[in-house]
């Protein structure tokens, strides 16, 4: 599928770019990347390049933070039992582990509960409330769940439990009646940073408890691994507080990981590597998710909470084994789903894909929906139907399109739903699926244009190859950690010559040697070997979009261009960047 190249336009002529470049002695292209990312002053750039704990906001700015801290402080002092109830994905698991460890370390009587996906379903349930009440809890803290659990929270309160909700999902029209609700997305919530993951909200609660209890900030440093893993895995924008938390957490992981995190790095083959956001998303997160998808996520919580190395290695191997099993299920489900697409979708006209089938594993349909988007670049809903005729679904979206709102438009068809703009879950009766498909076809058809169905490649600045040197690379590296709304900078260079005939190396990687006015670089495009037939022989000109990387081989380091796309010179249509898509 051809990419649409999004060009920054005349950003490099913006006076703010010149001001930032001159004040901080930066290359103009680096300053243009900063301004394009909304970092438009020298002061903001200094803060961006130096994420520090001093940049974290006061947790007391949450509307209900004082109520939450009062509740938990009283429970700690009076030795009342506290239950931490979470979701079974990575954000939920790390949130549960974080709050459990913190409360335990300050002397709390605390235990955890994560529902088993296949038997208890998603979120807070009456059965879950009964379970924790039977274990003697008098305070219930939900993390990464609870914001739409009106009846369940009411049931818990009627049962004598105080309820504190730590969540970051979109609230419904009504809120649960809880002791305190911490959620930056509440309509009237004054907390200024809205993009925290659930583990970030949980961290803010712990931060406020540190201030109240006077136990010292160093206690929170122990758990930064969890905050980085949960935030990175949930694909929250790596700006503002998220950038600070993930940066500090990655430093902790690379210098002194928690025992359970170290064991997970070991089984993932990452123990002696420089762990970054990509390592978390593609290495650690799938292993943590696997046990929650196929069975009980308690095992992942136990791994992250243990301080016994032998125990950690044993549990980490369980996660590794289940992740291998999950991959097999993923593969089989994806093949079945891809075969289903042409049967139920008219890809010439449909701008959404809704698939439903009996027997699909509910733990992998979200992953498979994402894989289908990679192939067709359309919002996708995958629904598995059980023997009682109830469907459980996962919805995933494309940049710029709100799948949560799409589901909300058909709320009358759904038993329940919840989630984010780009990922949501739903429950629906099987007989309602055809109507849901038709409604979503209409909704998406009226809101998505043909260009929206083509993936876009953001270009941050246009440069000449002579601009690329060791100093330029060092400036690029300061943008890390890379992730949502802080992507690795991509540069466009026009009219570069192919010095050596392009070739495919390894498992489908495109290798080029490019030159412009005597400046030469090796360039590699991972997984782009399919572009080889479209490239003309060596000596012809191409336009190249790439990232600037450091390549280490046998102790030697050099600059290498990582190809994102390549086209015959002057032939690729460029579209204006849409800031609205980037700032969602």
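A short reminder: the numbers here are calculations on the coordinates, not readings from a lab. Nothing here was measured: the structure is a model prediction, and the numbers come from that model. We place every Cβ from the backbone using ideal geometry, glycine too, and count neighbours over all the protein chains shown.
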C-alpha long axis of helix 433-445 to longest principal axis of the chain, angle in °: 40
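Quick check: from the Cα gyration tensor, does the range 485-561 come out rounded (a/c under 1.5), prolate or oblate? Please list the in-between numbers first.
Details: a/c = 1.29, a/b = 1.20, b/c = 1.07.
Because its axes are fairly even, with a/c under 1.5, the range 485-561 counts as rounded.
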Ranked by how many other beta carbons lie within 10 Å on average, peptides 284-291, 384-391 from highest: 284-291, 384-391
Computed over the range 61-123: relative contact order in percent, which uses C-alpha pairs under 8 Å that are six or more apart: 35
Amide N of the range 501-520 lying under 19 Å from the label point, which is placed 7 angstrom from the Cα of residue 558 along Cα→Cβ: 501-506, 509-520
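State, to one decimal in nm², a quarter of the convex hull surface area for the C-alpha atoms of the range 345-453, i.e. the direction-averaged projected area.
Details: hull surface 24.2 nm².
With every direction weighted equally, the projected area is 6.1 nm².
Can you give the % of DSSP beta bridges in the range 345-453 that are antiparallel, to the nearest 5?
Working: 17 of 23 bridges.
If I count the DSSP bridges inside the range 345-453, around 75 percent turn out antiparallel.
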DSSP-defined beta bridges in the chain - what % are antiparallel, rounded to 5: 60
Least to most buried among 122, 526, 191 (fewest other Cβ within 10 Å first): 526, 122, 191
Rounded Å value of the spacing that divides the Cα centres of the range 500-539 and the range 124-191: 55
Sorted by Cβ density within 10 Å, fewest first, the residues 558, 206, 166, 305: 558, 305, 206, 166
Rounded to 10°, Cα long-axis angle of helix 65-78 versus longest principal axis of the chain: 50
Set of the range 76-90 residues, backbone N closer than 15 Å to the point 7 Å along the Cα-Cβ line of residue 104: 82-85
Helix 309-344 axis, angle to the chain major axis (alpha carbon atoms, nearest 10°): 70
Computed label-point distance, nm, for sites residue 442 and residue 387 using a 7 Å Cα→Cβ extension: 3.7
Distance histogram in 10 Å bins (all Cα pairs of the range 401-541, percent per bin): 9, 24, 23, 17, 17, 8, 1
For the range 211-258 versus the range 415-440, the gap between their alpha-carbon centres in whole angstrom: 34
Answer label, with percent of Cα pairs over 42 Å apart calculated from the coordinates and candidates [x] 38; [y] 19; [z] 24: [z]
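What number, in percent, do you get for the relative contact order of the chain if the mean sequence gap of Cα pairs under 8 Å and at least 6 apart is divided by its residue count? Can you show the working numbers first?
Values: 1134 pairs, mean separation 75.9, N = 584.
It comes to 13 percent, rounded to a whole number.
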Span per principal axis, largest first, for the Cα atoms of the range 49-123 (Å): 44, 39, 24
The range 404-512, relative contact order in percent, only Cα pairs under 8 angstrom and at least six apart counted: 17
Sites residue 131 and residue 221 - FRET efficiency at Förster radius 35 Å, r taken between beta-carbons, to 0.05: 0.60
The range 97-200 - Kirkwood radius from inverse mean 1/r over Cα pairs (Å): 14.3
